[in-house]
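The structure under discussion appears below in the form of structure tokens.
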Amino acid sequence: MGVIIKKEFNDCLLGIWEIKEDFDSLFSRLNLEHDEVETLNSFKNDNRKVEWLSVRALINEMTGKDSRIIYNEFRKPFLKDNTFHISISHSHDLTSILISKSRRVGIDLEYMSHKISNVSFKFINQQELITSDPGLKRYHLYIHWCAKEAMYKICDKQDINLKENLTIIPFEPRNEGFIKGRALNFHGLEDFRIQYQNMEGYIIAWTVK
């Protein structure tokens, strides 16, 4: 299928790729370097290989060139030529990337397939409020999860615990909107404005700074 969303805003570019291709189709699109082929071959799971290839196909589509993604010790992605800040997320059949030349970025994408309430104690703190409406609770928790993951990524994944260091200001869950979040780590206290959207069974959330 390829790119289904390519959206520009505030010196940022958001791209979403729907994975319908098989391994050979995606591999043929790319001009991988030797170390990238070695990384690809190290994955034992075929779905993981296709997912990895879709990320490279999407970033090339967004930048209009062969772009090389590298990672630091915290698994934070960078472009090898440092032309953009970058954040990556993938879930089920979708891959998403947010890039910006001048702004920090964080994005998360989740397919709402799990009973997230069973693990909510791991990321919801006492300052946060979740709706008591049983029909909305699961959806509300997924927005919290994605928003916190987006903040975690924009904070470089360093010295961050989703429950202890990240807080979502109470909000009413809607189909799309903006919420406020707060992060506290060794950089100090930082506020974020996070945008989220419901996309036919997926939640996507992103923030820029």
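The values are calculated or read from the model by the stated rules, or taken from the named source; none is laboratory data. Source: prediction; values computed, not measured. Cβ coordinates were reconstructed from backbone atoms using ideal geometry, including for glycine residues, and neighbour counts include every protein chain displayed.
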Checklist entry - So Leu32 fits all but one of (1) of a type outside the set (Ser, Thr, Tyr); (2) modelled with pLDDT under 95; (3) more than 28 Å from Asn198 (Cα to Cα); what number is the exception? => result (2)
Next on the checklist: Quick check on segment 176-185. Is at least one of its residues assigned by TED's automatic domain parsing to the domain that holds Ala147 and touching a Gly at 6+ places or on another chain (Cβ under 9 Å)?
Outcome noted: no
Next on the checklist: Every residue in segment 79-105 that is touching a residue at least 60 places away in the same chain (Cβ under 8 Å) and surrounded by fewer than 12 Cβ atoms within 10 Å (Cβ to Cβ), please.
Outcome noted: Lys101, Ser102
Checklist entry - Which residues, counting only those in segment 8-22, are aromatic (Phe, Trp, Tyr) and at pLDDT 95 or above? => result Trp17
Checklist entry - From the list Glu73, Glu8, which residue is over 25 Å from Tyr202 (Cα atoms) and either of a type in the set (Asp, Glu) or in the same structural domain as Gln197 (by TED's automatic domain parsing) (or both)? => result Glu73
Checklist entry - Any residue at all in segment 45-55 that is touching a Lys or Arg at 6+ places or on another chain (Cβ under 6 Å) and without any contact (Cβ under 8 Å) to a residue 60 or more places away in the chain? => result no
Item to check | Lys76, sole failed condition from (1) surrounded by 14 or more Cβ atoms within 10 Å (Cβ to Cβ); (2) modelled with pLDDT of 95 or more; (3) not polar (S, T, N, Q) | outcome: (2)
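Please note which strands (runs of 3 or more DSSP E) are completely contained in segment 103-196 and include at least 3 residues that are more than 26 Å from Glu18 (Cα to Cα). So that I can check it myself, show each step before the final result.
On the way: elements: 105-111, 166-168, 176-185.
By residue number, 166-168, 176-185.
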Next on the checklist: Of everything in segment 159-179, what is at pLDDT below 95 and in contact with a strand residue (DSSP E or B) (Cβ under 6 Å, 6 or more places away or on another chain)? Give them in sequence order.
Outcome noted: Asp159, Ile160
